[in-house]
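Below is one structure; the comments refer to it alone.
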């Protein structure tokens, strides 16, 4: 679908329709100054804002002051990064909730990227058997993907996000102004998930994103407002139809089976999640061609888009044997069988079992040894 930049003061509302757990995603500019509008209706007894050091230095004081108009508001700064996204980090947030005298009517606010959202979301899922939380994603990847859908969790040495829970937020507030403070590498990482949404669900959207890529990678974050809203709408629709990944939601893992293995083998934090997914999209496209689902022209187009987003299209030097072992240990594998998400065409994905020889050829072509 064609995308156009909305007026600076407009707010797009995307509804996530879940029986008994429906919530809204608000996308626009300047929204952190208006957080009280969306948190006040929750009538919290208290609020704990969880952030990371970088985001805290930029926005935490302002957010705490704004939410202090709603209820007593405390803060906790977590030093966890992707390598430290584990149960110990969750325990620290739980300790902060206890110290803040939180109760079952308290609200936890996740102010940060995907790591903070995952840690805070999981902590809110288990504290007092579940309290409400609000996502205020500050990275592009978190705004278009990890903040939406209620997946929370942390890593284990055996694999990414193996420990977690489905716990839907009460509201998501995506302020695109926050993207202006991101390094270019983080913008590129978010573009991987955006390209994924177009590839699996909307060919016209994919084409619109292709056209916007030169502007976005050169710093035009204003162009991202309609992109964030459309990606959220695509994911919200899938989540509403399949909240717990029993069917269609698995399609959102396009590029992720490869990507998670890359992260695990390279070491968490060496590659950004979006960088691994970008490479994974190219591997998934190559695999789809080997299954005679798409042609070489489609593969080249996908690789060109990933490259234009300034993401890696290949990875060199990782072991094919180790990669397959990592994929068999992925949480989406069943009885050691890997279910790959492949492309039937640009704009439509499907889940398939893949012969070992095709997987091996795909990995070899992608730079594995």
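The values are calculated or read from the model by the stated rules, or taken from the named source; none is laboratory data. Predicted model only: the values in this text are computed from it and were never measured. Cβ atoms come from the backbone with ideal geometry, glycine included; neighbour counts cover every protein chain shown.
Filter region 239-248 down to the residues that are assigned to a helix (DSSP H, G or I) and in contact with a helix residue (DSSP H, G or I) (Cβ under 6 Å, 6 or more places away or on another chain), then identify the one that is farthest from residue 190 (Cα to Cα).
241
Against the condition surrounded by 14 or more Cβ atoms within 10 Å (Cβ to Cβ), outside the structural domain of residue 160 (by TED's automatic domain parsing) and modelled with pLDDT under 95, how does residue 294 come out, does it pass?
no
Looking at region 65-103, which of the residues that are closer than 16 Å to residue 44 by Cβ and touching a residue at least 40 places away in the same chain (Cβ under 8 Å) is farthest from the chain's Cα centre (by Cα)?
The extreme case among them is 101.
Kindly indicate which of 214, 169 is more than 22 Å from residue 340 (Cα to Cα) and either within 17 Å of the chain's Cα centre (by Cα) or surrounded by 21 or more Cβ atoms within 10 Å (Cβ to Cβ) (or both).
None of the others qualify; the one that does is 169.
With 293, 251 as the choices, which residue is assigned to a loop (DSSP other than H, G, I, E, B) and under 14 Å from residue 199 (Cβ atoms)?
The match here is 293.
If you check residue 3 against the conditions, is it assigned to a loop (DSSP other than H, G, I, E, B), in contact (Cβ under 8 Å) with a residue 40 or more places away in the chain, touching a helix residue (DSSP H, G or I) at 6+ places or on another chain (Cβ under 7 Å) and outside the structural domain of residue 141 (by TED's automatic domain parsing)?
Yes: the conditions hold for residue 3.
Go over the candidates 105, 101 one by one and state the one that is surrounded by fewer than 24 Cβ atoms within 10 Å (Cβ to Cβ), in contact with a helix residue (DSSP H, G or I) (Cβ under 9 Å, 6 or more places away or on another chain) and not in a helix (DSSP H, G or I).
The unique qualifying residue is 105.
Could you say whether any residue in region 39-49 is under 18 Å from residue 229 (Cα atoms) and either in contact with a strand residue (DSSP E or B) (Cβ under 6 Å, 6 or more places away or on another chain) or buried (at least 18 other Cβ atoms within 10 Å of the Cβ) (or both)?
Taking every residue of region 39-49 in turn, none turns out to be under 18 Å from residue 229 (Cα atoms) and either in contact with a strand residue (DSSP E or B) (Cβ under 6 Å, 6 or more places away or on another chain) or buried (at least 18 other Cβ atoms within 10 Å of the Cβ) (or both).
Quick one: in region 64-83, which of the residues that are in contact with a strand residue (DSSP E or B) (Cβ under 6 Å, 6 or more places away or on another chain) and assigned to a helix (DSSP H, G or I) is surrounded by the fewest Cβ atoms within 10 Å (Cβ to Cβ)?
Within region 64-83, the match that is surrounded by the fewest Cβ atoms within 10 Å (Cβ to Cβ) is 83.
For region 51-63, which residues satisfy the criterion of being surrounded by fewer than 20 Cβ atoms within 10 Å (Cβ to Cβ) and in contact with a strand residue (DSSP E or B) (Cβ under 8 Å, 6 or more places away or on another chain)?
Across region 51-63, the qualifying residue is only 53.
Need the failing condition index for residue 158 against (1) at pLDDT below 95; (2) closer than 23 Å to residue 134 by Cβ, just the number.
Only one criterion is unmet by residue 158, namely (2).
Based on this model, can you work out whether residue 311 counts as in contact with a helix residue (DSSP H, G or I) (Cβ under 8 Å, 6 or more places away or on another chain), assigned to a loop (DSSP other than H, G, I, E, B) and crowded, with 20+ Cβ neighbours inside 10 Å?
Yes, satisfied.
Let me spell it out: the conditions are (1) buried (at least 23 other Cβ atoms within 10 Å of the Cβ); (2) touching a strand residue (DSSP E or B) at 6+ places or on another chain (Cβ under 7 Å), and residue 188 meets all of them except one. Which number is the exception?
(2)
Would you be able to say whether some residue in region 182-199 is more than 22 Å from residue 281 (Cα to Cα), part of a helix (DSSP H, G or I) and touching a residue at least 24 places away in the same chain (Cβ under 8 Å)?
No, region 182-199 contains no residue that is more than 22 Å from residue 281 (Cα to Cα), part of a helix (DSSP H, G or I) and touching a residue at least 24 places away in the same chain (Cβ under 8 Å).
With 236, 285 as the choices, which residue is part of a helix (DSSP H, G or I), touching a residue at least 12 places away in the same chain (Cβ under 8 Å), within 21 Å of residue 14 (Cα to Cα) and in contact with a strand residue (DSSP E or B) (Cβ under 8 Å, 6 or more places away or on another chain)?
Only one candidate qualifies: 236.
Being under 17 Å from the mean Cα position of the chain (by Cα) and not assigned by TED's automatic domain parsing to the domain that holds residue 164 is true for just one of 244, 320, 289. Which residue is that?
244
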